[in-house]
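Novice: I have a structure here, written as structure tokens, and I will follow up with some questions on it.
Quick note: the coordinates plus some simple rules give every number you see, no bench work behind them. Model, not experiment: these values are computed from the prediction. Note that we place each Cβ from the backbone using ideal geometry, even for glycine, and neighbour counts take in every protein chain shown.
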Ligand code: AGP
């Protein structure tokens, strides 16, 4: 998730300072590298480097770039670590075309090889850089700029919002989008494009939405929208924005956390877009090792638990999950140069996890990591890393990073399942297919079930404690539900494997004690019904997350949240955790807390 802003201003106006201030408003979308390009006197002016906006500005003075047309980009790395050569914009061989991009181009490697075969020279490790070279190639074949860009766009697979400037057409900006967001602003004879409205809101409240599969031409005559497939012109009505700049960043949601819960419909798709090559590299390291440890903290630890179970079920691999702060006491003695460590951390900067990695590395272990921050310390310490691609998470409570971690770990287990041949291929196919269905199920859940979760939250707002129970792969889901609730509402919540609850916890049960069951119709369904009966018999208030149509558990429950559609067991945590994220959110808001910045917590715990 990067930030993009482009503008076509009145001739004689300087675009650079405006671009820089717009990037400042977009920095929450990504902040590991910054770049700007302006067009003037028949040439491109490019300034870019890794680092925050202020850092790069103080080094290069981003305002000192001539020209009234330009584009800026603030990066959240997915392909190619934060480095000057990987910062945007990227240019063609003759530096006549510059492109910035937000999203992931899945077939970039094939196109890159094709262009290298035509002696195009690439300077970065990004997927984006193929775009200016492909446009250059089509112009070389006689196409005009717009047609060359349109043909290029039609070759791309994946998610993208692209913005292009050209030294040969200095008063024009071209844009295209597929899945990744891009909106257009209409000023007084000046025109803007941006990843989101917050970028140009101080300049105009008049906007045009660019729909999926569309491209557009911005020039002094205005904005022309075309269908990328066939070049057909599209008429679109202007909309007037009523948001203030702060809520624009939250896309109209009251808090970043709620926005990020809703972003999961997109971020899981993006997490599943990471190139297979990363999974194959990680899998070969794991297969080549004698022992595998999964190391993480907090929410990432819960994702690791799901990953461990999947590795066992799909690949027959025993992956021991260890809380990072306990690693040196619990496992370090077992580590040697035939050990693999799979570290999971959205920030990639959690000190406990880094310490465990460093200790294991010192004993010769190979380090694999799943992280959301390219260029993070953890990524740099790793022999192989797999990106989560879900953009910066502002809310302290991890939400979209949990579901994207689970999606990545399940895909890794599926890759190992294929390589080890331990599980039937149909079972692996079924899981991979299900992973791609989870965004749609979450979308339907968010469109239909939020009110019922909010009602349940209101009804338990005075509870002294709440318990979460699950079985099998949903024990981690129960643990995650508990963590979200206690860190946001400050209610001392409890979580247990449901079967274990009768060996102690059940003594806490009294009339009305809220117990939340995560109960999909999997191999544990019968047993969890038994656990529900045990709690119900002692007066507990039963709140069940069930699959739509599960009358058996519905009839036993005081409240239910129905999950639309079915999933193979291993994929259920991705969807069943969403009502638990919402429950914690509404309980926190109901108690007057700020769910984005809960007390005593930091987004990344960089101390021991
Ligand atoms: C989760 O909501 C918390 N913010 C916290 O437990 C977090 O998961 C933990 O600190 C690990 O962070 P990491 O994924 O960045 O390593």
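Novice: With r as the distance between the Cβ atoms of residue 10 and residue 280 and R0 = 35 Å, compute the FRET efficiency 1/(1 + (r/R0)^6) and round to 0.05.
Specialist: Values: r = 52 Å, r/R0 = 1.49.
That gives a FRET efficiency of 0.10.
Novice: Between rounded, prolate and oblate, where does region 90-152 land on the alpha carbon gyration tensor, with a ≥ b ≥ c its root eigenvalues, rounded for a/c under 1.5, else prolate if a/b exceeds b/c?
Specialist: It is rounded, given that a/c, with a ≥ b ≥ c, falls under 1.5.
Novice: R0 = 25 Å: FRET efficiency of residue 554 with residue 527, Cβ-based, nearest 0.05?
Specialist: It comes out at approximately 0.90.
Novice: On to the next question. Indicate, rounded to the nearest 5 percent, the antiparallel portion of the DSSP beta bridges found entirely in the chain.
Specialist: 65
Novice: As a footprinting exposure proxy, order 29, 96 by other Cβ within 10 Å, with the fewest listed first.
Specialist: 96, 29
Novice: Based on the mean of other beta carbon atoms within 10 Å per residue, what is the order of 452-463, 353-364, most packed first?
Specialist: 353-364, 452-463
Novice: While we're on this one: Considering only C-alpha atoms, what is the centroid distance from region 471-485 to region 1-55, in Å?
Specialist: Distance between centres, Cα-based: 43 Å.
Novice: Any idea what angle helix 400-420 forms with the longest principal axis of the chain, computed on alpha-carbon atoms, 0 to 90 degrees, nearest 10?
Specialist: Compared with the principal axis, the helix lies near 80 degrees.
Novice: Once label points are set 7 Å from the Cα along Cα→Cβ at both residue 419 and residue 318, what is their separation, rounded to one decimal in nm?
Specialist: Taking the simple label geometry, residue 419 and residue 318 are separated by 2.0 nm.
Novice: Indicate the gyration tensor shape class of region 66-180 (rounded, prolate or oblate), computed on the Cα atoms with a ≥ b ≥ c the square roots of the eigenvalues: a/c under 1.5 is rounded; otherwise a/b larger than b/c is prolate and the rest oblate.
Specialist: rounded
Novice: Taking a label point 7 Å from the Cα of residue 236 along the Cα→Cβ vector, which residues of region 119-148 have an amide N closer than 18 Å to it?
Specialist: Residues passing the 18 Å test: 146-147.
Novice: Still on this structure, please answer the following. How far, in nm, would the chain grow between residue 291 and residue 221 when pulled straight, counting 0.36 nm per residue and subtracting the alpha carbon separation?
Specialist: Stretched out fully, the residue 291 to residue 221 stretch lengthens by 18.8 nm.
Novice: Ok, one more. Kindly put 128, 448 in sequence by how many other C-beta atoms sit within 10 Å of each C-beta, fewest to most.
Specialist: Fewest-to-most Cβ neighbours within 10 Å comes out as 448, 128.
Novice: Under 1.5 on a/c is rounded, so check that first for the chain, then, if it is not, pick prolate when a/b is larger than b/c and oblate when it is not; a ≥ b ≥ c are the square roots of the alpha carbon gyration tensor eigenvalues.
Specialist: Values: a/c = 2.04, a/b = 1.60, b/c = 1.28.
Prolate is the answer for the chain, as a/c is 1.5 or above and a/b outweighs b/c.
Novice: Moving to a separate point now. For helix 450-459, report the angle its Cα long axis makes with the longest principal axis of the Cα atoms of the chain; keep it between 0 and 90° and round to the nearest 10°.
Specialist: 40
Novice: Something else: Rounding to the nearest 10 and keeping the result within 0 to 90°, find how far the Cα-based axis of helix 256-271 lies from the longest principal axis of the chain.
Specialist: For helix 256-271, the angle is close to 80 degrees.
Novice: Another question, if that's okay. Relative to the compact-globule scaling 2.2 N^0.38 Å, provide the ratio for the alpha-carbon radius of gyration of region 428-575.
Specialist: On the way: Rg = 14.7 Å, N = 148, 2.2 N^0.38 = 14.7 Å.
That works out to 1.00 for region 428-575.
Novice: Continuing with the same structure: In deg cm²/dmol, rounded to 500, what helix-only [θ] at 222 nm does the chain give when every DSSP H run of at least 4 residues adds -39500 (n - 2.57) and the total is split over its residues?
Specialist: So the helix-based figure for the chain works out to -11500 deg cm²/dmol.
Novice: For a quick size check, give me the Cα extents of region 128-257 along its three principal axes, largest first, whole Å.
Specialist: 49, 34, 25
Novice: I want to make sure I understand the PRE zone here: with the label point 7 angstrom from the Cα of residue 338 toward its beta carbon, which residues in region 351-374 have backbone N atoms less than 14 Å away?
Specialist: Counting only backbone N, you get 365-366.
Novice: Given contacts defined as C-alpha pairs under 8 Å and at least six residues apart, what's the relative contact order of the chain, whole-number percent? Before the final figure, lay out each step's value.
Specialist: Values: 1389 pairs, mean separation 67.1, N = 608.
With pairs under 8 Å counted, the relative contact order is 11 percent.
Novice: Over all alpha-carbon pairs of region 276-374, lay out the pair-distance distribution in 10 Å bins, whole %, shortest bin first.
Specialist: Reading upward from the zero bin: 17, 54, 29, 1.
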